[in-house]
Amino acid sequence: MSPARDPRRSLPSVDALLALPSTQEWIDALGRAPVKKAVQETLEEARDRLGASESAGASEVDALVEQVRRRLTQLDERSLRRILNGTGVVLHTNLGRAPLAPEAEAAFAAAAGYGNVEFDLERGERGSRYDHCAEALCELTGCEAALVVNNNAAAVALAVNELALGRDVIVSRGELVEIGGSFRIPDVVARSGAHLVEVGTTNRTRAEDYRRVLGPECGAILKVHPSNYRVEGFAASVPLEELVEIGRTASVPVLHDIGSGLLERALLPGFPEEPSVADSLRAGADLVTWSGDKLFGGPQAGIILGAAELIGRLRRNPLLRTFRVDKMTLAALEATIALYRDPERAAQRVPALRMLREPAESVERRARAALDRLTVHLPARIDVEGTAAVVGGGSFPGFEIPSSAWSVRGVDLDRLAAECRAGRPPLIGRIQGDAFRLDFRTISPTDELSVAESLERALAAL
């Protein structure tokens, strides 16, 4: 190729692109080094492309600048992003489970700076981070003492390690559950330094099964709520009240892992029976563990309630440092706890509760009204149709909640789902049958415009 005809010679230099006003704005925002690298990579791609054909024309400067902009946008894109949830799964573990209440969001942000996380303001000396939510949890639930760690699996592991290190933990075979990410109760118990003793069968466990194995080497009885599946038919388990009596007779503490963290059954009227925090404490469990980011609607946390003497032991356990909760989680959890002082206020302000309690008629009205937010002619048919949402997060398995969704047809559904995921913010729905569905039970009223705009952009890209 003759140098005079080489289209690559028409490309601007790195310095020329860096001197443009738009590029200077990016330098001010991101720094010179990443912008210079983006310019160099863009020019290198242009040279490779133009070198492949003598007939290629010189690249426009505006086109190069746009390619640099796209590259810098990808560079500045955060890996963890806000998502528009149109799946109809309220506590979607892959999407972060429970969204925070506005009060919890504000508290979370306020805690980003310096704070008295481990400083006693009254005495002017070091304090404990575990004091911040403990009193509020005791006031809310009526328990003797409380402790917060970073998730519920950590809560169970810490309790088992303290109560039964090198000793036996008795668990019904029907409760040896596998939780998310392939973590299993037997493995958690083993890693906590205890010996698992299985009793009963998969479908039936009786009180006598526990009594038969109780002995001086028993450190704890662990009852696990199988929250993500249901055993029906020829099945039986020992009620918590009876298990507590067995434990007290043998001087063995009973640990109840209820998982999903429903504070009171009355908060979700019309839902199937689910063990609540209040039920477990009334039944007399020595320690109760549950998740803060499921039905309670707060941040990710493992909450342990129970006897003051046992909670005191857990606070002195060296493993607690491993499971330490951070200051921003404590702030968001404290704000969420405060909402529950008025259950009706919590039902309105805690997003997970509000979504679960919203009448099906209200969801349908919002879905139909939101169609008016679509402002352009779209190459697809969009209908409002009845569907079924679910709780998610391992809660109420098999229970469906009547809901309404936008059903999109007439386009390549896989491509549409991909374009929606690529949006800013990403919009996540589900392909069901011949339609791409966006369930409005998990779309808040404040997000309806964003959902409409995201869907429009995705359809336009097709």
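All but one of (1) assigned to a helix (DSSP H, G or I); (2) more than 23 Å from the chain's Cα centre (by Cα); (3) not basic (Lys, Arg) hold for residue 411; state the number of the condition that does not hold.
It fails just one condition, (1).
Looking at segment 32-54, I want the residues that are modelled with pLDDT under 90 and have a partner that is among the polar types (S, T, N, Q) with Cβ atoms under 6 Å, at least 6 apart or on another chain. Which pairs are those?
The qualifying pairs are 42/67; 46/59.
Test residue 198 against the stated conditions and say whether it is within 20 Å of residue 253 (Cβ to Cβ), part of a strand (DSSP E or B) and of a type outside the set (Phe, Trp, Tyr).
So residue 198 passes the test.
Can you tell me how many residues in segment 162-212 are free of Cβ contacts under 8 Å to residues at least 40 places away in the same chain, of a type outside the set (A, V, I, L, M) and in contact with a Leu (Cβ under 8 Å, 6 or more places away or on another chain)?
Total meeting the criteria: 5.
So, residue 359, is that one under 25 Å from the mean Cα position of the chain (by Cα) and either modelled with pLDDT of 95 or more or closer than 18 Å to residue 462 by Cβ (or both) or not?
yes
Restricting attention to segment 165-175, report how many residues are under 25 Å from residue 236 (Cα atoms) and surrounded by fewer than 17 Cβ atoms within 10 Å (Cβ to Cβ).
So the answer is 1.
Considering each of 24, 67 in turn, give the residue that is of a type in the set (S, T, N, Q), surrounded by 16 or more Cβ atoms within 10 Å (Cβ to Cβ) and either modelled with pLDDT of 80 or more or within 30 Å of residue 356 (Cα to Cα) (or both).
67
Would you point out the residue of segment 333-342, among those that are outside any helix (DSSP H, G or I) and touching a residue at least 24 places away in the same chain (Cβ under 8 Å), that is most open to solvent (accessible area, probe 1.4 Å)?
341
crowded, with 20+ Cβ neighbours inside 10 Å, over 15 Å from residue 314 (Cβ atoms) and out of contact with any Ser or Thr (no Cβ under 7 Å at 6 or more places or on another chain): which single residue out of 189, 149 fits that description?
None of the other options fit; the residue is 189.
Which of the residues spanning segment 343-367 are open to solvent by less than 40 Å² (accessible area, probe 1.4 Å) and either without any contact (Cβ under 8 Å) to a residue 40 or more places away in the chain or outside any loop (DSSP other than H, G, I, E, B) (or both)?
Within segment 343-367, 346, 347, 351, 352, 353, 355, 356, 360, 362, 363, 366, 367 qualify.
Filtering segment 373-405 down to residues that are open to solvent by less than 50 Å² (accessible area, probe 1.4 Å) and among the hydroxyl-bearing types (Ser, Thr, Tyr), which residue is farthest from residue 462 (Cα to Cα)?
It comes out as 395.
Which condition number does residue 374 fail, the rest of (1) touching a residue at least 40 places away in the same chain (Cβ under 8 Å); (2) closer than 25 Å to residue 340 by Cα being met?
(2)
Has segment 155-167 got at least one residue that is closer than 30 Å to residue 398 by Cα, modelled with pLDDT of 95 or more and over 26 Å from the mean Cα position of the chain (by Cα)?
No - not one qualifying residue is present in segment 155-167.
In the set 440, 436, which member is modelled with pLDDT of 95 or more, open to solvent by less than 40 Å² (accessible area, probe 1.4 Å), under 23 Å from the mean Cα position of the chain (by Cα) and farther than 24 Å from residue 78 by Cα?
440
Testing residue 390 on (1) at pLDDT 95 or above; (2) in a helix (DSSP H, G or I), one condition comes back false. Which one is that?
The number of the failed condition is (2).
The values are calculated or read from the model by the stated rules, or taken from the named source; none is laboratory data. These figures come from a predicted structure and were not determined experimentally. Neighbour counts run over all protein chains shown; Cβ positions are idealised from the backbone, glycine included. Please note that ligands, DNA and RNA were not included when accessible areas were found on the heavy atoms of the full protein model with its side chains. Shrake-Rupley method; radii C 1.70, N 1.55, O 1.52, S 1.80 Å.
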